[in-house]
Amino acid sequence: MGKAQLMRKIALGLAGFFLISSFSISGSALAAGTSSILAGEIKDSTSTPLPGVRIKLTGPNGFATQLTSDQMGKWQVKVTSTGIYDVTLDQTSLPSGQALTDVTKATRKINVLMLGTTLTVLFPIGPGTEKTPILDQSAQLLADGLILGIIIALAALGLNLVFGTTGLTNFAHGELLTLGGLLTYFFSAVAGLPVFAAIPVAVALSALIGGYLQDRLLWKPLRKRGTGLIAMLVVSIGFAIFVRYVFLFIFSGDTRQLPQFAGQAGLEIGLVSITPKSIMSTSVGLLLLIGATLWLLRSKMGKASRAVADNPALAAASGIEVEAVIRSVWILGAFLAGFAGIMVTLNQGVSFLMGQDMLLLIFAAVTLGGLGTAYGALVGSLVIGVLIQLSTLIIPTELKYVGALLILIIILLVRPQGILGRKERVG
Amino acid sequence: MPAPSQNTSRRDIALAALAGITPTPGVSKPDPIIVADHVVRKFGGLTAVNVSHLEIQRGAITALIGPNGAGKTTFFNLLTGFDQVNEGSWSFNGVKISGTPPHKVARMGMVRTFQLTKALYRLTVIDNMRLAATKQKGESILRAALPFLWNAQEKAATARSEELLTRFKLIDKRDDFAAALSGGQRKLLEMARALMVEPELVMLDEPMAGVNPALKQSLLGHIKDLREDGMTVLFVEHDMDMVRDISDWVIVMAQGVIVAEGPPNIVMRDKAVIDAYLGAHHDSTLEQDRG
Amino acid sequence: MDFIFIAQQSFSAALGVNTIIFALAAIGLNMHFGYTGLLNFGQAGFLAVGAYSVATLVVSFNFPLWAALLAGILNSVILALLLGLPTLRLRADYLAIVTIAAAEIIRQIARSATFNKYLGGSDGITGKFGKDFFALNPFKSGLNTPFLRYNGNDLWVVVTGWALVIVVLFVMWLLVRSPWGRVLKSIREDEEAVRSLGKNVYLYKMQSLIIGGIVGSFAGFVYALSRQSVQPDNYGTALTFFAYTVLILGGAARVFAPIAGSIIFWFLLVFIEQMLRQAVSAGYIPEWLIGVNQVGQIRFMLVGLGLMMLMIFRPQGIFGDRKELALDARA
């Protein structure tokens, strides 16, 4: 019994950690009891507790009760019979400016299978949205989409350059974004630097650790060993998992906001509202993109990188130092991805899963534009970014990524080589 | 490697059939196995292949030569369905096969090899061979799990594979992984494997590339044997000695176009041909090659 | 430290429900990746389709369990067709990206409020949809020995699960040693060569995708039935990657690899977790270094590190033979 309880406590401690709850050993029998507790905590998106919110419960045998959340936003009810309970949040009792982010979730059905348990019921609450005219809405979404597109493009460029020069499909590329975000968080919130100072430090360290050192210590030795491309792809998956949980170990699972301008108000510019931090970071991001493109087009190293991507053997034979090119591509890629991570952090905060969440969008953008084509990645990113945001005009917001991924699949069906990709030669 | 009397006869038949033909590009042949018309393939702005008319004589060994980048391999890819044309059509045995996918082309009896040998590395030599046997019942998913339905056929395929491996002197390697073979042995394996399909037309893309001189002689013998067994051979090659030695007819491509065709001794003296080669690389001339 | 408890937990896990689920998922991947060279990164999608077919059809549509299982198989075939049709003609990496995207689409649709009514949103579906299955359970009292311990329901799942694994493995064994299997292996090596020999490569790839997908949906059945619930976030990309780890651990393109890999994977995972946990509670590892709650994180770090090391130093798996070359479809 003691062991079973220990197991349960451990399991509870790990709840929220996405896999554990399901993979934990199923041997831990639940203690039988005479009553169960339904409980919850009502918080807004910034985790501020909301007191005084009304909750209504109905259940089997005519069970019905009503209560309000306390100062910590908490509420709990003891129930004595198994069955299905309806827990309803009274939306009119939410403070002004707050609303359910998903109105279909105002009533949650909770199945009490066994007595002696505690069941947590949560409601997703965020800043309320009022109905806006479709034109305003589209303009706002277009702006948001372009910002998202620039973030994806910054990340995708590096992924594509590395793919082009080394053939590596890097599943650990998302972790470069997380690294940039977490470093900025560390230097601003923990070390106490102002965000303006923290960002350059974080970007430089991203390029050094995520670019130079990663290539030097992991990928270069693997290339030297002649590790195959698929093998390297699998290595990158292992590396991504490893790094992700190192981040979790150090920074825990919370989404962290930068202390400065966490809740900045938006500026009204024409039809759209954008926060100053977003304007700043997007402008810098755009400049970096232009800079990187110019580097690819004009600089010796940039031209060399395209030559290597085209034909590594030929490039090497014509005197290009392939390893030096790969090194600069890694540094540039990590630098841009680090800044992309910072942009996400500024807008939504950073958690250890941020990179993983972004990775699919980056892949989608790169595939859409054509694998290995640098400009394809830029076009693909903007298309994906704008599509994701504009699609919410038609489909529910929570399904916006589904729409983007579906479009990716459809485009591959029609134009397998991507928007800008070229057909390959066989034989 | 002068072979028995029958050898001479098939060769003579082929040479006799081609004897009276004017050596000009696109000339018709008495018994063509392949007829191609207006075959065009463009990559971006570059026209890689532009063949207005071509016929390949049945039962003969035809060489397709030309400088690097002349479009030979692309033309091979087009004929066998591995690449798609922009325009044009061609027929095999009188049946139009343009647009037919590669596996169907192969099933019709037109089998190719590749410039970079495609041995299946992590399969044994004998499995490489058995794979190529045609109409295997056990290759259907519905019968695969029921060995009694295909065991007999598998035995027959194994026997035939062993026979071919013996002929190609690979039988000692029967149970080795194909990855363990030398470059030349892989070429032999690829050719032997192609024969498992029982083709009418064998298309060899640079069969001699990377093969050591000792093995070259035996490869040459095998190619001549194909003709003696009644097959038609079309091959791409850079080795002019080989071309002169075994081919009954030579077709020359340059910049995607057929610039000359005819018997080897005539074609290699053709001015257009020498120009085509000289235009491509100045250091090697056909005259030097002859020596 | 309670070593008997650690041993009991580890051995029970090594032969337990999760081992069966991952063995099945990896058997499917072995067909895709090990034998055909298809980079399917959406195996979690096939598991999700299997699991949700059972849960949704029984709970929301009152299907009998057997019919729901059949429908689950059918649905996985449909998924394989949807994935394969656009991508099997393309380069290997496109299949990887499309399959991973498709698995995410499935998960996000499953957890969306829009389809809450049938799929249960982010909470998933919990219900007695396995009651027909557990009604057949002859081992109600479970098993409690020094090395193995299962409750009644788990024991029933374990026994039937292993029986399923053995049947599936036998069929796989028959398939891969047939001429059909030989075509698959050849496609893995070089599909152009196979085409040039008159085989319809596209058709074989599709068949491989379907069969591996069906086996993946079996894993989904076991997942759903063993827990009597489905939760969308269990079917994320991590599931697919762990299945790959299991496969590579055992050695891809070997019939028994998925079982060996899965047993070792789960034994090590639980063993390390229990050791660490006890070491932390007993004070051998200071709390400031590793908190009790962080033990789970350590084991995932080890999974990632293990996958990297395996791929770099023993790509042929722990039982593999160096001679059989590193697995790399493009070598």
Unique residue being under 22 Å from B:Met240 (Cα atoms) and over 17 Å from the mean Cα position of the chain (by Cα) when the list is B:Pro101, B:Pro67: B:Pro67
Some residue of the stretch B:10-32 being touching a residue at least 12 places away in the same chain (Cβ under 8 Å) and closer than 29 Å to C:Val194 by Cα: yes
Helices (runs of 4 or more DSSP H) enclosed by the stretch A:209-298 - at least 3 residues per element that are closer than 30 Å to C:Gly37 by Cβ: A:220-225, A:229-251
Meets criteria (modelled with pLDDT under 80 and among the acidic types (Asp, Glu)) for A:Glu424: yes
Filter result for C:Met301 (over 27 Å from C:Val167 (Cβ atoms), at pLDDT 90 or above and assigned to a helix (DSSP H, G or I)): yes
Unmet requirement for B:Phe43, which otherwise passes all of (1) under 15 Å from B:Met253 (Cβ atoms); (2) without any contact (Cβ under 8 Å) to a residue 12 or more places away in the chain: (1)
C:Leu81 being within 11 Å of chain A (Cβ to nearest Cβ), surrounded by fewer than 18 Cβ atoms within 10 Å (Cβ to Cβ), part of a helix (DSSP H, G or I) and over 19 Å from the mean Cα position of the chain (by Cα): no
C:Lys128 being open to solvent by 40 Å² or more (accessible area, probe 1.4 Å) and either in a helix (DSSP H, G or I) or more than 9 Å from every other protein chain (Cβ to nearest Cβ) (or both): no
Residues of the stretch A:308-350 satisfying the condition of being within 12 Å of the chain's Cα centre (by Cα) and open to solvent by 20 Å² or more (accessible area, probe 1.4 Å): A:Asn347, A:Gln348
Output for the stretch B:196-236, where each listed residue is out of contact with any strand residue (DSSP E or B) (no Cβ under 8 Å at 6 or more places or on another chain), among the polar types (S, T, N, Q) and touching a residue at least 40 places away in the same chain (Cβ under 8 Å): B:Gln217, B:Ser218
Residue match in the stretch C:144-167 (condition: open to solvent by less than 30 Å² (accessible area, probe 1.4 Å) and not in a helix (DSSP H, G or I)): yes
The stretch C:153-183, subset of a type in the set (Gly, Ala, Ser) and under 15 Å from C:Val215 (Cα atoms), residue farthest from the other protein chains (Cβ to nearest Cβ): C:Ala163
The one condition in (1) among the small types (Gly, Ala, Ser); (2) within 12 Å of another protein chain (Cβ to nearest Cβ); (3) in a helix (DSSP H, G or I); (4) touching a helix residue (DSSP H, G or I) at 6+ places or on another chain (Cβ under 6 Å) that B:Gly184 fails to fulfil: (2)
Qualifying residue in the stretch B:198-209 (condition: within 14 Å of chain C (Cβ to nearest Cβ), out of contact with any Pro (no Cβ under 7 Å at 6 or more places or on another chain) and farther than 20 Å from B:Ala63 by Cβ): yes
Conditions (1) surrounded by fewer than 14 Cβ atoms within 10 Å (Cβ to Cβ); (2) more than 9 Å from chain C (Cβ to nearest Cβ): number failed by A:Arg225: (2)
Sole residue being more than 22 Å from B:Met242 (Cβ to Cβ), of a type in the set (A, V, I, L, M) and surrounded by 20 or more Cβ atoms within 10 Å (Cβ to Cβ), chosen from B:Ala48, B:Ala16: B:Ala48
Residue pairs meeting the criteria (Cβ under 6 Å; at least 6 apart or on separate chains; first in contact (Cβ under 8 Å) with a residue 60 or more places away in the chain, in the stretch C:1-25; second open to solvent by 10 Å² or more (accessible area, probe 1.4 Å) and of a type in the set (Ser, Thr, Tyr)): C:Val17/C:Ser226
Qualifying residue in the stretch C:197-205 (condition: without any contact (Cβ under 8 Å) to a residue 12 or more places away in the chain, in a helix (DSSP H, G or I) and open to solvent by 40 Å² or more (accessible area, probe 1.4 Å)): yes
The lone exception for C:Asn62 - which of (1) in contact with a strand residue (DSSP E or B) (Cβ under 8 Å, 6 or more places away or on another chain); (2) on the phi > 0 side of the Ramachandran plot it fails: (1)
Sole exception among (1) in contact (Cβ under 8 Å) with a residue 60 or more places away in the chain; (2) within 10 Å of another protein chain (Cβ to nearest Cβ); (3) out of contact with any strand residue (DSSP E or B) (no Cβ under 7 Å at 6 or more places or on another chain) for B:Val125, by number: (2)
Unique residue being modelled with pLDDT under 90 and under 30 Å from C:Pro315 (Cβ atoms) when the list is A:Leu222, A:Leu233: A:Leu233
Count - residues of the stretch A:114-132 that are open to solvent by 80 Å² or more (accessible area, probe 1.4 Å) and either of a type outside the set (Lys, Arg) or modelled with pLDDT of 75 or more (or both): 7
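The values are calculated or read from the model by the stated rules, or taken from the named source; none is laboratory data. Just so we're clear, the structure is a prediction, and the values are computed from it rather than from any experiment. For neighbour counting, all protein chains shown are included, and Cβ atoms are generated from backbone atoms with ideal geometry for every residue, glycine included. Ligands, DNA and RNA are stripped out before the accessible areas are found, and what is left, the full protein with its side chains, is counted by its heavy atoms. Shrake-Rupley method; radii C 1.70, N 1.55, O 1.52, S 1.80 Å.
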